[in-house]
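Structure, as structure tokens:
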Amino acid sequence: MRMQSVMREVYPPQCVACEAQVADDHGLCGPCWRDTRFIHGLVCEACGTPLMGQGAGPVHCDDCMTIARPWAQGRAAVVYDGIGRRMVLNLKHGDRTDLAVPAARWMLHAGRGMIAPDMVVVPVPVHWTRLIARRYNQAALLSRLVARGLGALHVPDALCRVVRSPKMEAVGRDARFAALQGAIAPHPRRAVLLAGRDVLIVDDVMTSGATLAAATEAAHAAGAQRVCVLTLARVVKDT
């Protein structure tokens, strides 16, 4: 305890977004907390995007009323802009693996009511060539901490990325779905752990939902029953 106190004096906790001094590790300072668009209130039942108004029952956004979602429910913690976008990019490309700790905590809060300890938690996989270049799968970092918070079984290699899809930042929705058709498959040995189980698929951000759809279809092919999806961030349309 004495050494820990000394270390906190020498290296006080910093905001995970701007490095301002904060009271606790892995937290946001006041201004960054106010500027982070946490998703709450009325949300789309399928993808977690925030919706205007109030509703008593399940509601769906415009996209989810026109696109067939193979999963049962979906939630996200923050809107993908500003600080939320910066955190996703730093986690994915900036070696800020420490960001997975607060992100998983926010995701568990966003997914309450949808997720349960008896689920098997699975990350969206990356192709092995990208894994070598990046050195880690940010979705697996998040899924491990989400599973730990739930006390659930974590199977990081249940699904495989069998096709290296092109980067799709500037690609339209239809092209995304076409490029990811069949890109993810059950692991020939590990996917047996999904058979007959409810599954939670975890990723860092949802844009069109094409990647999550491919992962969900692979989980169903492995025998999964009910599949839900949970992401750190959700890309939303300008309002």
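The values are calculated or read from the model by the stated rules, or taken from the named source; none is laboratory data. These figures come from a predicted structure and were not determined experimentally. Cβ sites come from the backbone with ideal geometry, for glycine too, and all protein chains shown count toward neighbours. Quick note on the areas: whole protein, heavy atoms, side chains included, nothing else; ligands and nucleic acids left out. Shrake-Rupley method; radii C 1.70, N 1.55, O 1.52, S 1.80 Å.
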Positions within region 181-213 being open to solvent by less than 10 Å² (accessible area, probe 1.4 Å), hydrophobic (A, V, I, L, M, F, W, C) and within 18 Å of residue 63 (Cα to Cα), in sequence order: 206, 210, 212, 213
When region 81-91 is examined, which residues are found to be open to solvent by 50 Å² or more (accessible area, probe 1.4 Å) and hydrophobic (A, V, I, L, M, F, W, C)? 89
When (1) in contact with a His (Cβ under 8 Å, 6 or more places away or on another chain); (2) buried (at least 24 other Cβ atoms within 10 Å of the Cβ); (3) of a type in the set (Val, Ile, Thr) are applied to residue 163, the one that fails is (2)
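Just to check your reading of the model, which residue among 157, 174 is surrounded by fewer than 21 Cβ atoms within 10 Å (Cβ to Cβ) and within 22 Å of residue 97 (Cα to Cα)? Write out each step before concluding.
Numbers: 174 fails: within 22 Å of residue 97 (Cα to Cα).
Going through 157, 174 in turn, the sole match is 157.
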Within region 115-127, how many residues are open to solvent by 10 Å² or more (accessible area, probe 1.4 Å), touching a residue at least 40 places away in the same chain (Cβ under 8 Å) and of a type in the set (A, V, I, L, M, F, W, C)? 2
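Do we find a residue being open to solvent by 70 Å² or more (accessible area, probe 1.4 Å), without any contact (Cβ under 8 Å) to a residue 60 or more places away in the chain, among the acidic types (Asp, Glu) and not in a helix (DSSP H, G or I) anywhere in region 92-101?
Taking region 92-101 as the starting set, the residues that turn out to be open to solvent by 70 Å² or more (accessible area, probe 1.4 Å) are 93, 95.
The next check asks that each one be without any contact (Cβ under 8 Å) to a residue 60 or more places away in the chain; those that pass are 93, 95.
If we keep only those that are among the acidic types (Asp, Glu) too, we end up with 95.
When the remaining residues are screened for being not in a helix (DSSP H, G or I), the result is 95.
Scanning region 92-101 turns up at least one residue that is open to solvent by 70 Å² or more (accessible area, probe 1.4 Å), without any contact (Cβ under 8 Å) to a residue 60 or more places away in the chain, among the acidic types (Asp, Glu) and not in a helix (DSSP H, G or I).
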Can you tell me how many residues in region 49-79 are surrounded by fewer than 18 Cβ atoms within 10 Å (Cβ to Cβ) and not in a loop (DSSP other than H, G, I, E, B)? 4
With region 105-200 as the region, which helices (runs of 4 or more DSSP H) entirely inside it contain at least 2 residues that are at pLDDT below 95 and among the basic types (Lys, Arg)? 128-134, 173-180
